[in-house]
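The values are calculated or read from the model by the stated rules, or taken from the named source; none is laboratory data. Worth saying up front: this structure is predicted, and the values here are computed from it rather than measured. Cβ sites come from the backbone with ideal geometry, for glycine too, and all protein chains shown count toward neighbours. Just so you know, the surface numbers come from the protein's heavy atoms only, side chains and all, with ligands and any DNA or RNA stripped out. Shrake-Rupley method; radii C 1.70, N 1.55, O 1.52, S 1.80 Å.
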Amino acid sequence: MDLIDDDSPAPQGNQPEYTVSELSGAVKRVIEGEFGLVRVRGEVGRVSRPASGHLYFDLKDDRSVIAAISWKGQVARMQVRPEEGMEVVATGRMTTFPGQSKYQLIVEDVAPAGTGALMAMLEKRKAALAAEGLFDPARKQPIPYLPSVIGVVTSPSGAVIRDILHRLRDRFPRHVLIWPVAVQGQDCAAQVAAAIHGFNAIGRGGPIPRPDVLIVARGGGSLEDLWGFNEEIVVRAAAASLIPLISAVGHETDTTLIDHAADLRAPTPTAAAELAVPVRLELLATLETLGARLVRGIGQGVVQRRQRLRDLGRALPRVETLVATPRQRLDAAGLRLGAGLGLAVAKKHRDFDRLAGRMQPAALRGLLARQQDLLGAREERLARAVVVRLERRRERLGDLAARLAPALGRMLGDAARKAAEGRRDLARLTDRVEAALRARLARLADRLEALDRTRVTLGYAETLKRGYVVVRGDGAVVTSKAGAERAAALEIEFRDGRLSLGPRPGKRAKGDGETGQGTLF
């Protein structure tokens, strides 16, 4: 046997053969069975958030990297979402991805590896939001002094809402709208943001009154308990609120990111109620004090003005002294009035008598005659003036006619020339139109003649000249064997005439009631 035999088959062992899919499935089952639920501590590396809503990231230490993935539903339930550079403890299941021959961790929950890591992430988020201007003091709105409606975003079952309502009732009872939310856990951030947006969406004048101020409140707790108020969605909702917002999360030493975005921060929920409304009794006492001061001020003002009026009155002279001289002048004028009236009446009588003597009929007739003479003279002057004006107008019209005669002649000559030119142009256009019509008719006649030649060439008469015939049966053209067999008599048209074939043996004419087998010619 040749030691070098390329054609000999390789020795086969007893190990089984796997397909790629079978081997990948076996590896998947081994890894998932061995590591059903694990907790992995590491630093978050590359983070990817595609449009599908899933979350892809890496967990690494100083020597190794594990690919991790969280599905969309798992991401929504996470209280803390991984960010690059953050040290976390991830809880999930190990599995494989056969499409890329790699193993990965399906993460169900993520928790910070320690308070230091959580604080580092908080400071990083705070710096990013501050860079956007969400914490700018210029954005903050003033809190109304006495709001009519107060909206409270908090848990409906905790002691916080009772403290707020109790303090509002003691200080100044107001209409309160409560939006119940979860103040801790995975749903906290989404519900708080939705509550702020919901209060801002309430329109004015609707069935539900729009709040004048909002209070976001929660009791004290650890950093993890208050983490929902550090989420970006809550901070952005607080910064975008058109209603002034008071943040009262935790106790005095607790600080969350919503405190920086809110318009006013209260150290406790009770303090938030105190900042929202003034003390009613204090306002009433102040009002009474101001009312008393107003009454005293008005009274003192009246007294001062009365005294001032008296002082000014003493400086004025007495009324008797002021009217004594005018009274004497009035008495003297009254004594002179009677004599003056008598003299005036006598003077008027004399003037009337003098004028009455002048008003005689002769004087009137003379006045009328003078007026008639004056009117006649004016009439003659007017007639002469009219005649003169008419003569002047007639002369002026004659001058204008003489001046216009040459121009009118020129205008008539121009019109005649233009008319002649128009007639010549019309004649030229008429000749062109007639020539175009004749050419058009000639072209149409040539085309008609060509079509007629085509018709004759393609007609059946020319076809007959080439050896073809037309077969008619019973007066109709026969185009098939079956039609010829059914016909009682046939007629064949040749180039030089028609040949009629009478009834064939065994085939009667139509209407004889008999049928027979025809003969094909």
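Looking at segment 254-277 only, could you name the residues that are of a type outside the set (A, V, I, L, M, F, W, C) and either in contact with a His (Cβ under 6 Å, 6 or more places away or on another chain) or more than 22 Å from LEU134 (Cα to Cα) (or both)? Working first, answer last.
Kept after step one, since they are of a type outside the set (A, V, I, L, M, F, W, C), are these residues of segment 254-277: 254-256, 259-260, 263, 265, 267-270, 274.
Residues satisfying the conditions are THR268, PRO269, THR270, GLU274.
Within segment 168-194, which residues are open to solvent by 70 Å² or more (accessible area, probe 1.4 Å) and over 42 Å from the mean Cα position of the chain (by Cα)?
ARG169, ASP170
Any idea which of ALA159, ALA195, ALA190, ALA217 is closer than 24 Å to GLU123 by Cα, out of contact with any Pro (no Cβ under 8 Å at 6 or more places or on another chain), touching a residue at least 24 places away in the same chain (Cβ under 8 Å) and of a type outside the set (Asp, Glu)? Reasoning before the result, please.
Working: ALA159 fails: closer than 24 Å to GLU123 by Cα; ALA195 fails: closer than 24 Å to GLU123 by Cα; ALA217 fails: out of contact with any Pro (no Cβ under 8 Å at 6 or more places or on another chain).
That would be ALA190, the only listed residue that is closer than 24 Å to GLU123 by Cα, out of contact with any Pro (no Cβ under 8 Å at 6 or more places or on another chain), touching a residue at least 24 places away in the same chain (Cβ under 8 Å) and of a type outside the set (Asp, Glu).
Among the residues of segment 239-281, count how many are of a type in the set (S, T, N, Q) and closer than 18 Å to ARG139 by Cβ. It would help to see each step written out before you state the result.
Quick first cut of segment 239-281, residues of a type in the set (S, T, N, Q) only: 241, 247, 253, 255-256, 268, 270.
In the following step, the residues that additionally are closer than 18 Å to ARG139 by Cβ were identified as 241, 247, 256.
The qualifying residues number 3.
Which one is modelled with the lowest pLDDT among residues in segment 466-488 that are of a type in the set (D, E, K, R) and surrounded by 11 or more Cβ atoms within 10 Å (Cβ to Cβ)? Write out each step before concluding.
Pass one, segment 466-488, residues of a type in the set (D, E, K, R): 466, 472, 474, 481, 485-486.
From what's left, surrounded by 11 or more Cβ atoms within 10 Å (Cβ to Cβ): 472, 474, 485-486.
Values: ARG472: 86, ASP474: 79, GLU485: 82, ARG486: 83.
The selected residue is ASP474.
Pick from segment 98-121 the residues that are buried (at least 19 other Cβ atoms within 10 Å of the Cβ) and modelled with pLDDT under 80: which of them is nearest to GLN74 (Cα to Cα)?
Once the filter is applied, the top-ranked residue is PRO112.
From ALA315, ALA339, which residue is open to solvent by less than 80 Å² (accessible area, probe 1.4 Å) and on the phi < 0 side of the Ramachandran plot?
Values: ALA315 fails: open to solvent by less than 80 Å² (accessible area, probe 1.4 Å).
None of the others qualify; the one that does is ALA339.
Looking at segment 147-166 only, could you name the residues that are assigned to a loop (DSSP other than H, G, I, E, B) and of a type in the set (Gly, Ala, Ser)? Spell out how you get there, then give the answer.
Initially, segment 147-166 is screened for residues assigned to a loop (DSSP other than H, G, I, E, B), giving 147-148, 155-158.
Within segment 147-166, SER148, SER155, SER157, GLY158 meet the criteria.
When segment 124-144 is examined, which residues are found to be surrounded by 10 or more Cβ atoms within 10 Å (Cβ to Cβ), assigned to a loop (DSSP other than H, G, I, E, B) and out of contact with any helix residue (DSSP H, G or I) (no Cβ under 8 Å at 6 or more places or on another chain)?
GLU132, ASP136, LYS140, GLN141, PRO144
Being without any contact (Cβ under 8 Å) to a residue 12 or more places away in the chain and under 50 Å from the mean Cα position of the chain (by Cα) is the filter here, so list the residues in segment 60-74 that pass it.
First, the residues of segment 60-74 that are without any contact (Cβ under 8 Å) to a residue 12 or more places away in the chain: 62-64, 73.
The one that is without any contact (Cβ under 8 Å) to a residue 12 or more places away in the chain and under 50 Å from the mean Cα position of the chain (by Cα): GLY73.
Go through segment 80-97 and give me each residue that's open to solvent by 70 Å² or more (accessible area, probe 1.4 Å) and within 15 Å of ARG41 (Cβ to Cβ).
GLU87
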